[in-house]
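Nothing in this text is a laboratory measurement; each read-out follows from the coordinates by a stated rule. Only a predicted model underlies this, so the values are computations on that prediction, with no experimental measurement involved.
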Amino acid sequence: MTRKGRRLTIISAAGFTLAIAVGLILFALRDSIVFFYGPTELAERAPPRGTRLRIGGLVKPGSLTHNGSSTVVFAVTDQKHDIRVSYTGLLPDLFREGQGVVAEGTVEAQGLFHADTVLAKHDERYMPKGVADKLKQQGTWRNQRSARAQ
């Protein structure tokens, strides 16, 4: 075998090994790659108690309640399913009912989520892509430009 042939064999073997390693990593992380789950996906999946994940949707109007000095409970909805979220801490300044939110934390029970981080939309044009797509499918999507004109 020539020097060029050996070099080609080594490079091919290294590339094959790297491709298999990347494939195995992606297979192992297939459930963790999703940025967040919507309430409907969470209801269908029913993850075990204590599972750490992110949920996203809209803060359901009329669901925000304050329990104690810094604990709030609100519902995240995708207009089809709701999930109650309990959060202790300071909410972002832009957090309000009817707006997009992503919460990170653990599943406590069916329909209850304990968040340790809450992220609110950063300006009036932002909506998590998955939530916007679901709202468009359900026909409840409101274009931000037309909403500002009203």
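How much length would be gained if the chain were fully extended between Ile11 and Arg49, taking 0.36 nm per residue of separation minus their Cα-Cα distance, in nm to one decimal? All intermediate terms of the calculation are to be shown ahead of the outcome.
Values: separation 38, 0.36 × 38 = 13.68 nm, distance 4.61 nm.
Stretched fully, the Ile11-Arg49 segment lengthens by 9.1 nm.
List the residues whose amide H sits under 5 Å from the amide H of Gln99, counting only those 5 or more places along or on another chain, with H placed 1.01 Å from N in the peptide plane.
It is Val59, by chain and number.
Rounded, prolate or oblate: pick one for segment 39-141, where a ≥ b ≥ c are the square roots of the eigenvalues of its C-alpha gyration tensor, a/c under 1.5 means rounded, and failing that, prolate if a/b is larger than b/c, else oblate.
Working: a/c = 1.71, a/b = 1.11, b/c = 1.53.
Verdict is oblate for segment 39-141.
Lys60: which lysines have alpha carbons under 29 Å from its alpha carbon, excluding same-chain residues fewer than 8 sequence positions away?
Those lysines meeting the cut-off are Lys80, Lys121, Lys129, Lys134, Lys136.
Convert each backbone phi in segment 66-75 into a coupling constant with the Karplus relation 6.51 cos²θ - 1.76 cosθ + 1.60 (shift: θ = phi - 60°), then list the ³J(HN,Hα) values in order as whole Hz, x for Gly and Pro.
So the J values, rounded to whole Hz, are 9, 10, x, 6, 10, 9, 10, 10, 8, 10.
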